[in-house]
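Notes for the one structure printed next.
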Amino acid sequence: MIKIQVITLFPEMFDGVLNSSMMWKAQEKQAVEFRLINLRDFGLGLRKRVDDTPYGGGDGMLLMAEPLFSAINHAKERCPNAKVVLMTPRGVRWVQSEAQKWADSNDDYIFVCGRYEGYDERILTLVDMQVSVGDYVLTGGELPAMTIIDSVVRLIPGVLGGETSASIESFSDGETLEFPQYTRPEVFKGLEVPKVLLTGNHAEIAKWRKSQSLKISSSDK
Ligand code: SAM
C-alpha cells in the first residue's frame, strides 16, 4: 500500500477529491492511504503563525522554514523513507510516464503545498523532488498535489476497473492521444457514429482507431 501524506494549510480542499470516485475506491481496495497534515498545527506561538515577510523586501508573505521543517519531520516519523515532493512552478513538469513510475514504485510520498508567495528556500534541504503541473501560477500547491495524486493513484495496479484501460489512454506510450469514442445512440441530433465502429470487425476498428490517434496527436490543438 502506498502511503501519501499531504502538508497543507487547507486540508479541507482535499475532502471531495480524495473521498470520491477512483480515489475513494483505491482506499477501499487498500491500494493507498491518505493522511492530511495541517501546517497550522506546527505554527509558532499562540497564534500558530506560519508565514512572515521576505528578507530583502518584496510583496507578500512566505511560509516559514520552522513550521515546514516540523511538519515534514512529523510526516517522516510515520514513513521515514517517504519521498518529500514540493509543489512549485520551478519544478520538473509532471508527465504521464512519471505518474506510471510512481504508481509502480510502491514508494511513500509526502506532498508539501506552498502558499502565498512561496516558502523559505531552506526547506529545499528536506525535499527530494520539486514538481510543477505546468507553466502557470496557481494560488497554492493544493490543486497541483491533487492532480499528481490522482494521476498516480488511478494507475496503481488493480485500481482501474478494466485492466487494459490505462494502457490505451492518452500519453500511455509517451505521446499519442486517445482515439475518439462514441456510445449509444447511433444517431444523435443527426450526428452519426462512424460506420466502422458498428461493423464488429475488430481488425478494421483497431486500424481506424490507430489512424485517428495518430491524426489527433499530430494536429495542432
Ligand atoms: N511566487 C511564486 C512564483 O512566482 O513562482 C508563486 C507562488 S504561488 C502563488 C504559491 C504556491 O502555489 C507555490 O509555492 C506552489 O507550492 C504552488 N504552485 C503554484 N503554481 C504551481 C505550479 N504550476 N505547479 C506546482 N505548484 C504550484
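The values are calculated or read from the model by the stated rules, or taken from the named source; none is laboratory data. Not measured: the values here are computed from a predicted model. Neighbour counts are summed over all protein chains in view; Cβ atoms, including those assigned to glycine, are modelled from backbone coordinates with ideal geometry. These area figures cover heavy atoms from the full protein model, side chains too; ligands, DNA and RNA do not enter into them. Shrake-Rupley method; radii C 1.70, N 1.55, O 1.52, S 1.80 Å.
Expressed as a fraction of 2.2 N^0.38 Å, the C-alpha radius of gyration for the range 99-188 is 1.43. Accessible area ranking (1.4 Å probe, heavy atoms, ligands and nucleic acids excluded), largest first, for GLU142, GLU117, GLU98: GLU117, GLU98, GLU142. Shown for the chain: lysine pairs separated by 8 or more places, or found on different chains, whose C-alpha atoms are under 18 Å apart, numbering 9. 3J(HN,Hα) along the range 43-48, derived from phi through the Karplus expression 6.51 cos²θ - 1.76 cosθ + 1.60 where θ = phi - 60°, amounts to x, 9, x, 4, 8, 6 Hz, with x in place of Gly and Pro.
So if I place +1 on the C-beta of Lys and Arg and -1 on the C-beta of Asp and Glu, and nothing else carries charge, what would the dipole magnitude of the range 114-221 be about its Cα centre? I want it in debye, nearest 20. Walk me through the intermediate numbers first.
Numbers: 11 positive and 16 negative charges, 128 e Å.
Magnitude of the dipole: close to 620 debye.
For the range 65-81, the Karplus equation 6.51 cos²θ - 1.76 cosθ + 1.60, evaluated at θ = phi - 60°, returns couplings of 5, 4, x, 5, 4, 4, 5, 5, 5, 4, 5, 5, 4, 7, 10, x, 9 Hz by residue, with Gly and Pro reported as x.
Rg(Cα) of the chain divided by 2.2 N^0.38 Å? Working it through for the chain, the quotient is 1.26.
Return the ratio Rg/(2.2 N^0.38 Å) for the range 41-90, where Rg is computed over Cα atoms only. Cα Rg divided by the expected 2.2 N^0.38 Å: 1.35. Highest mobility in the GNM of the chain, judged by mean-square fluctuation with C-alpha springs under 10 Å and restricted to LYS101, LYS29, LYS207, is found for LYS207. Taking Cβ atoms as reference points and 15 Å as the exclusive limit, the residues near GLU192 contribute a net charge of +2, counting Lys and Arg as +1 and Asp and Glu as -1. All C-alpha pair distances within the range 182-221, sorted into 5 Å bins from zero, spread as 6, 21, 21, 20, 20, 11, 1 percent across the bins. The stretch between TYR55 and ASN106 holds 14.4 nm of extra length on full extension. This uses 0.36 nm per residue minus the Cα-Cα distance. Modelled label positions at SER172 and ALA203, each set 7 Å beyond Cα in the direction of Cβ, lie 2.3 nm from each other. Report the Rg/Rh value for the range 69-114, based on alpha-carbon coordinates and the Kirkwood definition of Rh. Rg/Rh: 1.00.
The share of accessible area on the chain that comes from carbon and sulfur is 52 percent, using a 1.4 angstrom probe. Under 5 Å between amide hydrogens, built in the peptide plane, is the criterion, and for GLU169 it picks out nothing among residues at least 5 positions away or on other chains.
Springs join every pair of Cα atoms under 10 Å in this Gaussian network model of the chain, and among GLU33, GLU192, GLU169 the largest mean-square fluctuation is at GLU192. Using a Gaussian network model of the chain in which every pair of alpha carbons under 10 angstrom is joined by a spring, one finds that among GLN181, GLN130, GLN96 the greatest mean-square fluctuation is at GLN181. Per-residue ellipticity at 222 nm from helix content only, as computed over the chain with -39500 (n - 2.57) for each DSSP H run of at least four residues, stands at -9000 deg cm²/dmol.
In terms of solvent-accessible area of protein heavy atoms at a 1.4 angstrom probe, what is the ranking of TYR119, TYR136, highest value first?
TYR136, TYR119
Multiplying the residue separation of GLU192 and ASN81 by 0.36 nm and subtracting their alpha-carbon distance yields 34.6 nm. Against the chain, whose longest principal axis comes from its Cα atoms, helix 202-218 is set at around 50 degrees.
Give me the dipole magnitude in Debye, nearest 20, for the range 2-153 about the Cα centre, with unit charges on the beta carbon: positive for Lys and Arg, negative for Asp and Glu.
Magnitude of the dipole: close to 240 debye.
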